[in-house]
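> So that we are looking at the same thing, I have put the structure below in structure tokens.
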Amino acid sequence: MLSPDHIRALIKEAISIIEGDRAIQAEAAAEIAAIEAAHTSLKPEPRPKRATRT
């Protein structure tokens with residue numbers, strides 16, 4: 001699920017692409033990258049699978 005900030009940054013990037021404003025597009029891309037980086041750093045590491053007993 002996307003956060004409101006992520007949605008806003010994606011819309012900002014889409015509008016800047018349509019309008020051809022490369023400065024705003026770069027700004028929005030940086031915002032998106034920062035949001036995604038923060039999101040991935042909050043995810044817990046996957047646990048190793050337990051060995052099954054035989």
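The values are calculated or read from the model by the stated rules, or taken from the named source; none is laboratory data. Note that the structure is a prediction, hence the values are computed from the model and not measured. Here the Cβ is made from the backbone with ideal geometry for all residues, glycine too, and neighbour counts use every protein chain on show. Protein only, heavy atoms only, side chains kept; ligands, DNA and RNA dropped before computing areas. Shrake-Rupley method; radii C 1.70, N 1.55, O 1.52, S 1.80 Å.
> Output the residues belonging to segment 1-32 that are more than 15 Å from the chain's Cα centre (by Cα) and of a type in the set (Asp, Glu).
Within segment 1-32, 19, 21 qualify.
> Condition first: in contact (Cβ under 8 Å) with a residue 12 or more places away in the chain and either among the hydrophobic types (A, V, I, L, M, F, W, C) or open to solvent by 60 Å² or more (accessible area, probe 1.4 Å) (or both). Now tell me which residues in segment 1-26 satisfy that.
5, 9, 10, 24
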